[in-house]
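Written below as structure tokens is the structure these notes are about.
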Amino acid sequence: MNTSMPTPAVKAVDIGARSRRDGSEIDGEFAEVLITSRQNVSPRRLVAPGPSSLQLAGILRAAAAAPDHGLLRPWRFVIVPEARRADLAEVFALALIDRDPGATLDQIESARDKAHSAPLLMLVVARLGQDEARIPSLERMVSVGCAVQNMLLMAHSLGLGSGLTSGQAMQSVRMRELFQLALGEEAVCFVNMGTVAKRKLPRLHPDPQDFLSAL
Ligand SMILES: Cc1cc2nc3c(=O)[nH]c(=O)nc-3n(C[C@H](O)[C@H](O)[C@H](O)COP(=O)(O)O)c2cc1C
């Protein structure tokens with residue numbers, strides 16, 4: 001797959017009228033409820049079924065609608081199918097042993113488990129390379145974050161749970177090798193998706209007064 005150039009595969013939806021397919025207008029309340037009710041669901045609380053292929057297509061279209069300065073599409077995603085989960089588990093385990101040769105068997109087993117829990121497991125790769133130097137990597141990362149958030153919200157709107165996982169293994173050479181990351185690419189985190197087995201209590205969100213000021 002050529003990941004160097006973005007190809008606009010899907011036409012943008014004309015939202016001039018902000019209308020749904022049935023002609024009704026979308027409203028701010030829907031968006032606010034959707035956005036503020038999303039929660040991170042840890043992989044151990046996610047069970048089958050994961051997203052159907054139709055749902056996954058919608059989730060990926062949501063990612064593709066992220067703001068993207070310079071239209072670089074500074075991300076790509078790699079699904080880890082069941083058949084390759086053991087390979088990822090091995091990377092998690094060996095990356096832990098590399099960092100901590102004294103890791104206990106329990107710690108190694110729980111590192112391995114991270115590869116097995118969620119029905120859908122997908123690596124987020126940031127493409128921060130020099131192909132368009134005028135767009136700094138900081139801006140590209142904002143775009144990556146927006147793409148990830150779009151996917152989480154889309155999954156939430158479909159009644160699915162999702163959560164992000166990361167950790168020190170993300171930066172390991174073993175991870176780079178397994179996912180064949182090119183120069184300028186970084187493994188950011190994993191997106192986990194599935195059916196929520198158990199929801200945790202919602203957290204309090206920060207007060208906007210604490211993060212807004214006027215010049
Ligand atoms: C890039 C990134 C990586 C994350 N990695 C982890 C992780 O390894 N483990 C974890 O429990 N949560 C992880 N999270 C999720 C956060 O812990 C979670 O978003 C935060 O607790 C706020 O909760 P909420 O998303 O339910 O509002 C990650 C979030 C981001 C943005």
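The values are calculated or read from the model by the stated rules, or taken from the named source; none is laboratory data. Since the structure is predicted, the reported quantities are computational estimates derived from the model, not experimental observations. Note that we place each Cβ from the backbone using ideal geometry, even for glycine, and neighbour counts take in every protein chain shown.
Among the residues of the stretch 155-199, the ones that are more than 11 Å from the ligand (Cβ to nearest atom), over 13 Å from the mean Cα position of the chain (by Cα) and among the aliphatic types (A, V, I, L, M) come to 10 in all.
All conditions but one from (1) on the phi > 0 side of the Ramachandran plot; (2) assigned to a helix (DSSP H, G or I) apply to ALA147; the one that does not is (1). Exactly one residue out of ALA63, ALA93, ALA111 is under 18 Å from VAL188 (Cβ atoms) and crowded, with 20+ Cβ neighbours inside 10 Å: that is ALA63.
Restricting attention to the stretch 158-177, the residues being crowded, with 19+ Cβ neighbours inside 10 Å and within 17 Å of ALA197 (Cα to Cα) number 4.
So for the stretch 75-83 (the condition being under 17 Å from the mean Cα position of the chain (by Cα), part of a loop (DSSP other than H, G, I, E, B) and either modelled with pLDDT of 95 or more or surrounded by 15 or more Cβ atoms within 10 Å (Cβ to Cβ) (or both)), does at least one residue qualify? The answer is yes, given that some residue of the stretch 75-83 is under 17 Å from the mean Cα position of the chain (by Cα), part of a loop (DSSP other than H, G, I, E, B) and either modelled with pLDDT of 95 or more or surrounded by 15 or more Cβ atoms within 10 Å (Cβ to Cβ) (or both).
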